[in-house]
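**Q** Submitted below is the structure of interest, expressed as structure tokens.
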């Protein structure tokens, strides 16, 4: 579904991604872990071109999105993204947040867009918040709404950029539950996270990144129980005390 | 400060005040419309648009309004052969001047919006212009409303300069009364009071509105 070949990204002198090769298949839940500054968020943001790579190629559903003539807006409709800081639109109600893009980008009628939104909100138990504003919601509720907003575009893949890092500890669970349900429904997901428990339980594959490279990859069992690379061992020792 | 004076000549003050408010109001309205385009040009990726907007803003902010007024008053009818009224030329001069200041207010407002907002909009498939229209500009406007209202106050004061080309605003009428009555002081005192009453009231209203807006966040 997503094929990444020799991906490079430089911020000035800083070489953040140093040749990433990766193939993500349909239905996979790929979890990316690694120390901060390892380039895992940059890698994720390159997948929908929020960061433009300085080298390499990304092919999504058969189209080269790094091609200069490609209109990325077409693929972004198929790639949902969830951010660490939620990024809900504060001047709009939950309903407007969710229906804006389906209506304006996909030209779906208001009635249909609202029906989709309500169905999704019901699934996460927040249909009573449809006409609230983001500032009336808790962090966990905001992030669940942000997930629903991305889902309303019916994407083929969901990208998660540290979705629980900005949450109070007691709200992490409700967001992870929504993500687990999504994974169980067969959604293709790429998740950058520090939640090792989630990686172990839900991940079909785990990538360990360090210094702009994928140092090691494998199933959660392989990677967590018998890491081969010394840097992976060192990282896991620090996070799994 | 006799009452008789104000009773006899109140029409001069009322009409003058209306003209002052009219010029300032349309100055801000057209200033905002032009200012939106100027600010978007200044934030644009196209370097020609960016340089044009930046030069315009610097030029207007770096020269006296009086000079700009004369340039418009004599220049516009030469370039565009239409029967412009004095008043419309005054409004044009004030608008062109205001646009530069408003553009900077709007630019600052747009840049104050967290970049995550643009990223979220783009990640949902919205093209850049659509994201600006539905996500960035509405939020920026809410943030800059107090500054825009303040620009209106500034124009009420600064617009007194249009009296020099014979537009019958509050300042011009006060000066006319000075000539009619041979009283140099009374008309100016009344004009001062009217200017101050309008600007002071407005700035208090803005203060209240600002607190309300902040409470909504």
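The values are calculated or read from the model by the stated rules, or taken from the named source; none is laboratory data. Not measured: the values here are computed from a predicted model. With ideal geometry, Cβ positions are generated from the backbone for all residues, glycine too; neighbour counts draw on all protein chains shown.
**Q** Under the condition of being more than 7 Å from chain A (Cβ to nearest Cβ) and assigned to a loop (DSSP other than H, G, I, E, B), which residue from region B:113-144 is farthest from residue B:60 (Cα to Cα)?
**A** It comes out as B:114.
**Q** Within region A:19-62, how many residues turn out to be more than 14 Å from every other protein chain (Cβ to nearest Cβ), at negative phi and touching a residue at least 24 places away in the same chain (Cβ under 8 Å)? So that I can check it myself, show each step before the final result.
**A** Residues of region A:19-62 that are more than 14 Å from every other protein chain (Cβ to nearest Cβ), as a first pass: A:19-40, A:43, A:53-59, A:61-62.
Imposing the further condition that a residue be at negative phi reduces the set to A:20-26, A:28-33, A:35-36, A:38, A:40, A:43, A:53-55, A:57-59.
In the following step, the residues that additionally are touching a residue at least 24 places away in the same chain (Cβ under 8 Å) were identified as A:20-22, A:24-26, A:28-33, A:35, A:38, A:40, A:43, A:53-55, A:57-59.
Residues meeting the conditions: 22.
**Q** So how many residues does region B:114-146 have that are more than 23 Å from residue A:72 (Cα to Cα) and touching a helix residue (DSSP H, G or I) at 6+ places or on another chain (Cβ under 8 Å)?
**A** Summing the residues that are more than 23 Å from residue A:72 (Cα to Cα) and touching a helix residue (DSSP H, G or I) at 6+ places or on another chain (Cβ under 8 Å) in region B:114-146 gives 8.
**Q** Here are B:106, B:156, B:110: which of them is more than 10 Å from chain A (Cβ to nearest Cβ), closer than 21 Å to residue A:83 by Cβ, in contact with a helix residue (DSSP H, G or I) (Cβ under 8 Å, 6 or more places away or on another chain) and surrounded by 21 or more Cβ atoms within 10 Å (Cβ to Cβ)?
**A** B:110
**Q** Right, something else. Please state which of the following conditions residue B:51 fails to meet, knowing it meets all the rest: (1) farther than 30 Å from residue A:149 by Cα; (2) at pLDDT below 95; (3) more than 16 Å from the chain's Cα centre (by Cα).
**A** Exception for residue B:51: condition (2).
**Q** Determine if region A:170-182 includes at least one residue that is part of a loop (DSSP other than H, G, I, E, B) and in contact with a strand residue (DSSP E or B) (Cβ under 9 Å, 6 or more places away or on another chain).
**A** No - not one qualifying residue is present in region A:170-182.
**Q** For region A:179-236, name all the residues that are at positive phi and surrounded by fewer than 17 Cβ atoms within 10 Å (Cβ to Cβ).
**A** If the condition is that a residue be at positive phi and surrounded by fewer than 17 Cβ atoms within 10 Å (Cβ to Cβ), then A:186, A:211 are the ones that fit.
**Q** Tell me, please, whether a residue that is closer than 22 Å to residue B:24 by Cβ and in contact with a helix residue (DSSP H, G or I) (Cβ under 6 Å, 6 or more places away or on another chain) can be found in region B:46-56.
**A** If we filter region B:46-56 for residues that are closer than 22 Å to residue B:24 by Cβ, which is where we start, we get B:56.
In the following step, the residues that additionally are in contact with a helix residue (DSSP H, G or I) (Cβ under 6 Å, 6 or more places away or on another chain) were identified as none.
So far as region B:46-56 goes, no, none of its residues is closer than 22 Å to residue B:24 by Cβ and in contact with a helix residue (DSSP H, G or I) (Cβ under 6 Å, 6 or more places away or on another chain).
**Q** Look at region B:65-86 and say how many of its residues are out of contact with any helix residue (DSSP H, G or I) (no Cβ under 7 Å at 6 or more places or on another chain) and either closer than 20 Å to residue B:35 by Cβ or surrounded by 18 or more Cβ atoms within 10 Å (Cβ to Cβ) (or both).
**A** Qualifying residue count, region B:65-86: 1.
**Q** With B:34, B:71, B:59 as the choices, which residue is assigned to a helix (DSSP H, G or I) and in contact (Cβ under 8 Å) with a residue 60 or more places away in the chain?
**A** Within the list B:34, B:71, B:59, the selection yields B:34.
**Q** From the residues in region A:138-155 that are assigned to a loop (DSSP other than H, G, I, E, B) and within 14 Å of chain B (Cβ to nearest Cβ), which one is surrounded by the most Cβ atoms within 10 Å (Cβ to Cβ)?
**A** Only one residue tops the list, namely A:152.
**Q** Just give me the residues in region A:95-115 being more than 14 Å from chain B (Cβ to nearest Cβ) and either assigned to a helix (DSSP H, G or I) or at pLDDT below 95 (or both), in sequence order.
**A** A:95, A:110, A:111, A:112, A:114, A:115
**Q** Hey, another quick one. Hey, residue A:101 hits all of (1) crowded, with 18+ Cβ neighbours inside 10 Å; (2) within 23 Å of residue A:30 (Cβ to Cβ) but one; which does it fall short on?
**A** With respect to (1) crowded, with 18+ Cβ neighbours inside 10 Å; (2) within 23 Å of residue A:30 (Cβ to Cβ), residue A:101 is out only on (2).
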